[in-house]
Amino acid sequence: MPHILVVDDEPNTRAALVEVVRAQGFTTSAAGDLREACIQIGYQMPDVILADLKLPDGNGMDLFKEVEATAAGVVEFIVMTGHASVESAVDALRMGAADYLVKPINMQRLKALLDRVPRTGDLKTEIGSLRGELRSFGRFGKMLGNSAVMQQLYDKIGKVAPTEATVLLIGESGTGKELAAQTVHDLSLRRKRLFLPINCGAISPNLIESEMFGHERGSFTGADRQHKGFFESAHGGTLFLDEITEMPVELQVKLLRVLETGMLMRVGTNREIETDVRVIAATSRDPEKAVAEGRLRADLYHRLNVFPLELPALRERGDDIALIAQSLLEQLNHAQKTHKLFSQDVLEALAAHSWPGNVRELKNFVQRAYIMSDERMITNSAAPLQISTIKPAATSMVSLQIGVSLAEADRRLILATLEQCNGVKKQAAEILGVSLKTLYNRLEEYAVHDLPEALLAGNTRGNDPAISEPGF
């Protein structure tokens, strides 16, 4: 039976926590300061330590450092803090704490954390077995690759997945951020609950608050029934917020509050609803640059950036390019009951290509090569790599009068860039620095007659396979 040590200098709080912990079926011990806590640890090493950050003889994290020296990776550490020191709790998460609770303690949230405690050791064993699988097959959860940069990424995922820390994934479009988020979820204590991926740039700004937090019946025109948002739908599981920098700034304030308090309010009500969701966010932008540009609130960035993970570009992954291409080809062979192979010249061409579209571009190439090749051996002549040379002309410019709205400026810039790229939306999205889904979302908001005539035929999501293609 797991044993939990409660460390808090306030007697009533300590007694209440001990009572809750015992009611959940754990054995427990208690201490009022660091010295007494060390004595209790000497009697019995706990499976979980629940400690206040501010203690009479030091900081709760000093106890964490003491335990890590003798039982690294064995003891889960949960810190408690007052509202005024949430930033200190976030720093504790970065140092290795599993989660934190804000005082006054929400007992339902504490119980939710305790519900997941018994399975932590099993998860770590499973992660260890995955590392063995990686050595044999090059896979780690949903991810594929054996390169040194991916090995480092797997190590970090293995450390953060069993915890409750918020994760921020940073990487170019097409590097596989959603697969990384799915892997974190699958190796977490929430894996039996929902993993809900949301692209913040693919939702209309007019609907995103309702979609995120839900709404009550009659809260606005057309709200004919109560609607649960993404946070309520993912209760107990993981919410993946892709392209977080595309979320309207005014909504970021409300997201920050939910992350810090675990409480939300549906549109149209003042009643707070408790939510238990782990958030994994992602962006293809430089987040610090997004903060400087006003796209991302600094306070939200620091709350999301508890455990940052950078996904390497495909061009940095060496032999992983061939490994992924072969895996994609095997999937097609299996589906179509064929036995096609890449020739050596194709594999060399793949290694030499810069892959600006990353794994998404590689997947499109493999599909194209498979279709175009009539022979069992796929050669360069049958499926040459398509290298985009479309660049906006140096003299191209959009003239705007002073006083024009930002929405109108965005509209003109998007349409002009799309026309300059001859309707190639993927290229336009890269130049504009937005995701492809965000570009489609904006185009759908504009009237059809706003689009250049040559682009009308391509203004549908279904014409571009890159929209829904995941990365590795």
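Sub-6 Å Cβ pairs linking a first residue in the range 1-20 that is in contact (Cβ under 8 Å) with a residue 24 or more places away in the chain and under 20 Å from Tyr43 (Cα atoms) to a second residue that is among the aromatic types (Phe, Trp, Tyr) and part of a helix (DSSP H, G or I), at least 6 apart or interchain, number zero. Out of the residues in the range 171-201 that are in contact (Cβ under 8 Å) with a residue 60 or more places away in the chain and β-branched (Val, Ile, Thr), state the one that is surrounded by the fewest Cβ atoms within 10 Å (Cβ to Cβ). The selected residue is Thr175. Taking Thr417 as the residue in question, decide whether it is among the polar types (S, T, N, Q), farther than 28 Å from Met143 by Cα, modelled with pLDDT under 90 and surrounded by fewer than 13 Cβ atoms within 10 Å (Cβ to Cβ). No, not satisfied. Taken over the range 403-439, the criterion of being hydroxyl-bearing (Ser, Thr, Tyr) and either in contact with a helix residue (DSSP H, G or I) (Cβ under 6 Å, 6 or more places away or on another chain) or touching a residue at least 12 places away in the same chain (Cβ under 8 Å) (or both) is satisfied by Thr417, Ser435, Thr438. Residues in the range 241-259: is at least one assigned to a strand (DSSP E or B) and under 23 Å from Glu178 (Cα atoms)? Taking every residue of the range 241-259 in turn, at least one turns out to be assigned to a strand (DSSP E or B) and under 23 Å from Glu178 (Cα atoms). Note on the range 380-396: residues that are within 19 Å of Trp355 (Cα to Cα) and at pLDDT 55 or above amount to 6.
Thr163 satisfies every condition listed in (1) of a type in the set (Val, Ile, Thr); (2) farther than 18 Å from Asn358 by Cβ; (3) part of a helix (DSSP H, G or I) except (3). You will find that of Ser284, Ser210, Ser204, the residue that is among the small types (Gly, Ala, Ser), within 24 Å of Tyr440 (Cα to Cα) and surrounded by fewer than 15 Cβ atoms within 10 Å (Cβ to Cβ) is Ser204 and no other. Note on the range 224-240: residues that are assigned to a helix (DSSP H, G or I) and either of a type outside the set (A, V, I, L, M, F, W, C) or at positive phi (or both) amount to 2.
Among residues of the range 279-322 being of a type in the set (Val, Ile, Thr) and within 14 Å of the chain's Cα centre (by Cα), the one that is farthest from Phe230 (Cα to Cα) is Val306.
Across the range 1-22, the number of residues qualifying as within 34 Å of the chain's Cα centre (by Cα) and surrounded by fewer than 21 Cβ atoms within 10 Å (Cβ to Cβ) comes to 4.
Counting only helices (runs of 4 or more DSSP H) that fall entirely inside the range 263-372 and contain at least 1 residues that are in contact (Cβ under 8 Å) with a residue 60 or more places away in the chain, closer than 30 Å to Ser188 by Cα and assigned by TED's automatic domain parsing to the domain that holds Leu169, the qualifying elements are 287-292, 298-304.
The values are calculated or read from the model by the stated rules, or taken from the named source; none is laboratory data. The structure displayed is predicted, hence computed values, not measured ones. Glycine also receives a Cβ, built like all others from the backbone with ideal geometry; neighbour counts cover every protein chain displayed.
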